[in-house]
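A.B. asks: One structure, as structure tokens, below. Some questions next.
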Amino acid sequence: MARAPRLHRGGYRFESYIAHMKYFVYIIYNKNFDKFYIGQTYNLDKRESEHNLGLSKYTSRYSGGWKIVFKEGYFSRSDAMQREKFLKNQKNKAFYRKICKMVF
């Protein structure tokens, strides 16, 4: 089997490989408030619902309207956490828009 093309070290962006990943780094966006949130999880659908229902500490004041605009899969939680930390340290909406545009 051919190796999956890499987006960057550890992360893959092709949907066929995402199904085999156990952990995900994601960026969600709320158009109503022009806010981004970066996180990591093992269940993207559940996590998106939690953000929209106001069950997340950091996004509850902006509940409703969150959409996943970027996701990457990882085989280990430590790799996912490392990438999440890198993305959060950028603290730059232009950077987030740029990497989200690469995917969509």
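The values are calculated or read from the model by the stated rules, or taken from the named source; none is laboratory data. What you are looking at is a predicted structure, and each value in this text was computed from that prediction instead of being measured. Here Cβ is always computed from backbone atoms with ideal geometry, including for glycine, and neighbour counts include all displayed protein chains.
So that you can scan it fast, the table gives a plain yes or no per residue for (1) touching a strand residue (DSSP E or B) at 6+ places or on another chain (Cβ under 7 Å); (2) closer than 19 Å to Lys93 by Cα; (3) of a type outside the set (Val, Ile, Thr):
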position	(1), (2), (3)
Met21	yes, no, yes
Ile27	yes, yes, no
Lys31	no, yes, yes
Gly39	yes, yes, yes
Asn43	no, no, yes
Ser60	no, no, yes
Ile68	yes, yes, no
Glu72	yes, yes, yes
Arg77	yes, no, yes
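A.B. asks: Does the stretch 91-104 include one or more residues that are in a helix (DSSP H, G or I), in contact with a Gly (Cβ under 9 Å, 6 or more places away or on another chain) and crowded, with 18+ Cβ neighbours inside 10 Å?
C.D. replies: Within the stretch 91-104, not a single residue is in a helix (DSSP H, G or I), in contact with a Gly (Cβ under 9 Å, 6 or more places away or on another chain) and crowded, with 18+ Cβ neighbours inside 10 Å.
A.B. asks: Being in a strand (DSSP E or B) and aromatic (Phe, Trp, Tyr) is the filter here, so list the residues in the stretch 30-43 that pass it.
C.D. replies: Phe36, Tyr37
A.B. asks: In this structure, is Lys46 part of a loop (DSSP other than H, G, I, E, B) and either among the charged types (D, E, K, R) or surrounded by 18 or more Cβ atoms within 10 Å (Cβ to Cβ) (or both)?
C.D. replies: no
A.B. asks: Could you grab the pairs with beta carbons closer than 8 Å, sequence gap of 6+ or different chains, first residue in the stretch 73-99 and more than 13 Å from Phe36 (Cβ to Cβ), second one in a helix (DSSP H, G or I)?
C.D. replies: Here the result reads Gly73/Tyr17; Gly73/Ile18; Tyr74/Ala80; Tyr74/Arg83, each pair linking the stretch 73-99 to a residue that is in a helix (DSSP H, G or I).
A.B. asks: Another question, if that's okay. Mind listing whichever residues of the stretch 38-52 are out of contact with any helix residue (DSSP H, G or I) (no Cβ under 9 Å at 6 or more places or on another chain) and farther than 22 Å from Ser78 by Cβ?
C.D. replies: Across the stretch 38-52, the qualifying residues are Asp45, Glu48, Ser49, Glu50, Asn52.
A.B. asks: Continuing with this model, one more query. Would you please name the residue that is nearest to the chain's Cα centre (by Cα), looking only at residues in the stretch 50-76 that are assigned to a helix (DSSP H, G or I) and exposed (fewer than 13 other Cβ atoms within 10 Å of the Cβ)?
C.D. replies: Result: Ser60.
A.B. asks: Under 7 Å between Cβ atoms, at least 6 apart or on separate chains: pull out the pairs that start in the stretch 26-39 with a residue that is crowded, with 18+ Cβ neighbours inside 10 Å and end on any residue that is of a type outside the set (D, E, K, R) and assigned to a loop (DSSP other than H, G, I, E, B).
C.D. replies: Close Cβ pairs satisfying both conditions: Asn30/Gly65.
A.B. asks: In the stretch 13-37, which residue that is touching an Asp or Glu at 6+ places or on another chain (Cβ under 7 Å) and closer than 15 Å to Asp79 by Cβ is modelled with the lowest pLDDT?
C.D. replies: By that ranking, first place goes to Arg13.
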